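S.K.: Quick one: structure below, then a few questions.
The values are calculated or read from the model by the stated rules, or taken from the named source; none is laboratory data. All values derive from a computational prediction rather than experimental measurement. Using ideal geometry, Cβ is built from the backbone for each residue, glycine included, and neighbour counts are taken over all protein chains shown. These accessible areas exclude ligands, DNA and RNA; they are computed on the full protein's heavy atoms, side chains included. Shrake-Rupley method; radii C 1.70, N 1.55, O 1.52, S 1.80 Å.
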Amino acid sequence: MDEEKCMKHARKNFTPLAAQNRLLPVVAAIAALFAGVANAQQAAKPAAKADDSNQLEAITVTATKRSESLQSVPVAVTVMSGDKLEQLNLNNMSTITAQVPTLNFRANASNKDTALFIRGVGTISTSPGVEPTVSTVVDGVVFPRPGMATLDLMDVERIEVLRGPQGTLFGKNASAGVINVVSKAIQPGIERYVDLSYFEGREWRVRAGVSGEVSQDVLASLTVLKGEYDGNVDNTFLNRKVNGYDRIGGRLKIDMKTGKDSKLMLIADYTKADDTGIRGPYVRSSAAIAAAIAPIALGLENRSVSTDVLERVDDKNSGLSAQFDWAMGGNALTWISAYREWKNTQFQDIDGTAPRPLNSQIAQLADRGDLKSTVFSQELRLASAKGGFFDYVAGVYYMRNKTDETYRRDVVRCNGTTANLPNGLTPCAAPLNDFGNAIYGTLSKSASLFGEGTFNFTPQLRGIVGLRYTDDDLSYYHSRTSTAAAAIPGVQPNRAPAASSTSERGVSGRVGPQFDLSKEVSVYATYSKGYKGPAYNAFFNMQPNQELALAPETSKGFELGLKSTLLDNRLRVNVAVFDTEYKGYQANFPDLVAGTVVTRFINAGDVSTKGVEVDMEAKLSSQLSVALAVANTKARVDRFNCPTGATCPNLNGSPLPSAPDWKGALRANWWGNVGSGLRLDIGADYTYSSAVQYDLATSANTIQPSYGIYNATLSLSDPSKGWRITVIGKNLADKSYSSFLLPGANTQRSVPRDDQRYFGVSARYEF
């Protein structure tokens, strides 16, 4: 198939649905229907109070920087409780994406190469001079680098996924959405627990925690974890499993009263990970690479590599934060000060082969990258008392983020050859050893003023208005030494020290009405403007023509939402329709540099994302509940700007990377008493994703076909004695899929943990 046919084939798989244009009338009809149902049920409601066990639990969120009911906030939010995460064995950010249809995760060899996407929009870059489009916030502290955010979860009360632009209250790196992690509040009285789990493939985890009163005015909690996993990929050359992990960490939280109306919360956390992360098994490759890794069979289900470098990542993530809350009458003053440090060392085998022997067709490239990133942030905000004509949250925010990297690439190549080997490769007569070493980094400073308020015109009608002003300063430095006078495979020649800086100002905000159709049903419509700051593409092979700063990425979007709680609080249905356009979209585009495929980070042009999301949860009885979440997202390139000197296909109308058109999750849970105080819980879930294109250039080789995953859990517990045992089955239909396909002539896949069926057991004891 030639290139043009490949492009047509790739775009054909992502043809937008005609029904997309009829979403607004459909949602309007749903709103009217639900209003009628709600009014009818209000009139027919009996005087007696309903049985609470047959009703859904109320959900509280902090999506508007204050605690409010999920059903009252004019924001599209998906909430996952910490208990549900434990039950499903979802231990980090990458694992929750299957349960949230509009959230996607792009995996790769190292934490610094990962990215999060909401509604099909995210930022893929390893440069320290680029901020993400999806913000991760943990207990009020922003984690500005994606690698900081891929942490193991400890003591989670809930995770809130705020979908769509959230730049007003959460900042400039929230132009696509926010993942807001809230830890468990410490309760009086001593609580202790131990949680053990073991899964096929020699995966095990231990978590233990203790919390309670230290003194009359001081509460504290301490959690520690340890986990190991051999991996689910075979390295045939090193004769060992890879794609596994070895992690240890802990979290200390102290909550103390400092006065009658004030309190101080201190949090310290540390996580150390030694992961055997890999670029991935080959799906497709040149004849030379296929010969070098033989007898490994290429394909979308390949789970074997053959490299002489043990690819791994050493990662240390730590932080300190202090939050001071002062209740001033009905007003609340909050101050959050935080410092975080992230150290990352990665070792990668770029060629993905082992020299058997060294040959002229494949140069051996081995990389080591060392990164240190420090972040200091301050936030001061005031939330007014609720119940007046105008409720508001306003504040100031400052962040300083400094990152320094050293990246070295060693290259072994041929100088002269001998006769061909039986596999067609040509061995070296005189190997040459070269290397390049780059030292670079960035410093970003960002200060902002923000505020969002609600005008309560009537008990049913409210108006939302918010604004944020951001002042950004960004600088970089870069130099490279090389043994090669001219470019060689994977390494550019020497580059003299270079540095530059830029500054930008941006405004973001949102405005719109919210109206209660009844006590149980409300609708809202908002218009938002987003801003994402400037960027520098500072990386190992950075060239003089890449010194210019990328312009900020801006967005404007509309969202129409419906929130409803029906059938006497037995059914919750929330719907959101959205349409957001991004200008100056910051994205990676593949290019060939010194014989190796790299990515240029560019202002790629204009893109848009539009679609509809439906979240439903029903309590069918006191013992049976079901939940359904479905998203239809059309994330497309509207107008592509081809970088100077590159050859680009026509990408207008093509899908954005990591953005399936359809994604859904269905869960069902049943519980019942089985005698002697024992409780049985049975859970099952099914997650589905339509085809995913992982390459902005829409290569036909980087499409993951549609797939569905079945999971199940079976728990036996004694609540009075505090123990629970759970049997967990993952990917019961044994469906293989890739969480990322690396673009290029030689395609490699990221292999997720549940790429194959596996089982495990977990046990928890609270005492």
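S.K.: Cβ-Cβ under 8 Å, sequence separation 6+ or interchain: first residue in the range 667-688 and at negative phi and exposed (fewer than 14 other Cβ atoms within 10 Å of the Cβ), partner part of a strand (DSSP E or B) and not β-branched (Val, Ile, Thr). Which pairs?
M.R.: The qualifying pairs are GLY672/ARG679; GLY672/LEU680; ASN673/ARG679; ASN673/LEU680; VAL674/LEU680; VAL674/LEU716.
S.K.: Just checking, how many residues over the range 521-539 are modelled with pLDDT of 95 or more and open to solvent by 20 Å² or more (accessible area, probe 1.4 Å)?
M.R.: Number satisfying all stated conditions: 3.
S.K.: Now a separate question. Looking only at the range 510-520, which residues are surrounded by fewer than 23 Cβ atoms within 10 Å (Cβ to Cβ) and touching a helix residue (DSSP H, G or I) at 6+ places or on another chain (Cβ under 9 Å)?
M.R.: LEU517, SER518, LYS519
S.K.: Against the definition (in contact with a helix residue (DSSP H, G or I) (Cβ under 8 Å, 6 or more places away or on another chain) and either under 30 Å from LEU196 (Cβ atoms) or surrounded by 17 or more Cβ atoms within 10 Å (Cβ to Cβ) (or both)), how does TYR245 come out, yes or no?
M.R.: Spelling it out, it is not the case that TYR245 is in contact with a helix residue (DSSP H, G or I) (Cβ under 8 Å, 6 or more places away or on another chain) and either under 30 Å from LEU196 (Cβ atoms) or surrounded by 17 or more Cβ atoms within 10 Å (Cβ to Cβ) (or both).
S.K.: Oh, and also: What is the residue count in the range 263-287 for residues that are within 23 Å of ALA366 (Cα to Cα), among the aliphatic types (A, V, I, L, M) and surrounded by fewer than 18 Cβ atoms within 10 Å (Cβ to Cβ)?
M.R.: Looking only at that region, the number is 1.
S.K.: How many residues does the range 725-767 hold that are touching a residue at least 60 places away in the same chain (Cβ under 8 Å), surrounded by fewer than 18 Cβ atoms within 10 Å (Cβ to Cβ) and over 24 Å from ASP349 (Cβ atoms)?
M.R.: Number of matching residues: 6.
S.K.: So SER717 passes all but one of these: (1) on the phi > 0 side of the Ramachandran plot; (2) not in a loop (DSSP other than H, G, I, E, B). Which condition number does it fail?
M.R.: For SER717, the exception is condition (1).
S.K.: Oh, and also: Report whether or not PHE558 is open to solvent by 50 Å² or more (accessible area, probe 1.4 Å), in a strand (DSSP E or B) and touching a residue at least 12 places away in the same chain (Cβ under 8 Å).
M.R.: Yes, satisfied.
S.K.: Next question, about the same structure. Could we say that ASN344 is more than 30 Å from VAL142 (Cβ to Cβ), buried (at least 18 other Cβ atoms within 10 Å of the Cβ) and in contact (Cβ under 8 Å) with a residue 24 or more places away in the chain here?
M.R.: Considered against the rule, which asks whether it is more than 30 Å from VAL142 (Cβ to Cβ), buried (at least 18 other Cβ atoms within 10 Å of the Cβ) and in contact (Cβ under 8 Å) with a residue 24 or more places away in the chain, ASN344 comes out as no.
S.K.: Among the residues of the range 594-605 satisfying the criterion of being modelled with pLDDT under 75, of a type in the set (A, V, I, L, M, F, W, C) and assigned to a strand (DSSP E or B), which is nearest to LEU550 (Cα to Cα)?
M.R.: Looking at the filtered set, the residue picked out is VAL598.
S.K.: Do you know which residues across the range 324-360 are assigned to a loop (DSSP other than H, G, I, E, B) and among the charged types (D, E, K, R)? Reasoning before the result, please.
M.R.: Going through the range 324-360, the residues assigned to a loop (DSSP other than H, G, I, E, B) turn out to be 329-330, 350-358, 360.
Of everything in the range 324-360, those that are assigned to a loop (DSSP other than H, G, I, E, B) and among the charged types (D, E, K, R) turn out to be ASP351, ARG356.
S.K.: Here is a further query. Could you check the range 212-323 for strands (runs of 3 or more DSSP E) lying wholly inside it with 2 or more residues that are without any contact (Cβ under 8 Å) to a residue 60 or more places away in the chain, over 27 Å from the mean Cα position of the chain (by Cα) and over 21 Å from ASN111 (Cα atoms)? Walk me through it before giving the result.
M.R.: Working: elements: 218-229, 233-235, 240-242, 245-259, 262-275, 282-284.
Result: 218-229, 245-259.
S.K.: Further, regarding this structure: In the range 161-197, which residues are surrounded by 21 or more Cβ atoms within 10 Å (Cβ to Cβ), within 16 Å of SER67 (Cα to Cα) and of a type outside the set (A, V, I, L, M, F, W, C)?
M.R.: Those that are surrounded by 21 or more Cβ atoms within 10 Å (Cβ to Cβ), within 16 Å of SER67 (Cα to Cα) and of a type outside the set (A, V, I, L, M, F, W, C): ASN180, SER183.
S.K.: Still on this structure: Of the residues MET80, MET154, only one is assigned to a strand (DSSP E or B) and farther than 23 Å from GLY530 by Cα; which? Step through it out loud before you land on a result.
M.R.: Values: MET154 fails: assigned to a strand (DSSP E or B).
Of MET80, MET154, the one residue that is assigned to a strand (DSSP E or B) and farther than 23 Å from GLY530 by Cα is MET80.
S.K.: Quick one: in the range 87-108, which of the residues that are farther than 16 Å from ASP155 by Cβ and in a strand (DSSP E or B) is modelled with the lowest pLDDT?
M.R.: Ranking the qualifying residues of the range 87-108, first place goes to ARG106.
S.K.: Is the range 424-436 home to any residue that is open to solvent by less than 20 Å² (accessible area, probe 1.4 Å) and within 33 Å of the chain's Cα centre (by Cα)?
M.R.: The answer is yes, given that some residue of the range 424-436 is open to solvent by less than 20 Å² (accessible area, probe 1.4 Å) and within 33 Å of the chain's Cα centre (by Cα).
S.K.: Which number in (1) under 30 Å from PRO459 (Cα atoms); (2) in contact with an Asp or Glu (Cβ under 7 Å, 6 or more places away or on another chain) marks the one condition that ALA383 misses?
M.R.: (2)
S.K.: Could I ask something else about it? Which one of SER621, SER608 is hydroxyl-bearing (Ser, Thr, Tyr), assigned to a loop (DSSP other than H, G, I, E, B) and open to solvent by less than 50 Å² (accessible area, probe 1.4 Å)?
M.R.: Selected residue: SER621, the only one of SER621, SER608 that is hydroxyl-bearing (Ser, Thr, Tyr), assigned to a loop (DSSP other than H, G, I, E, B) and open to solvent by less than 50 Å² (accessible area, probe 1.4 Å).
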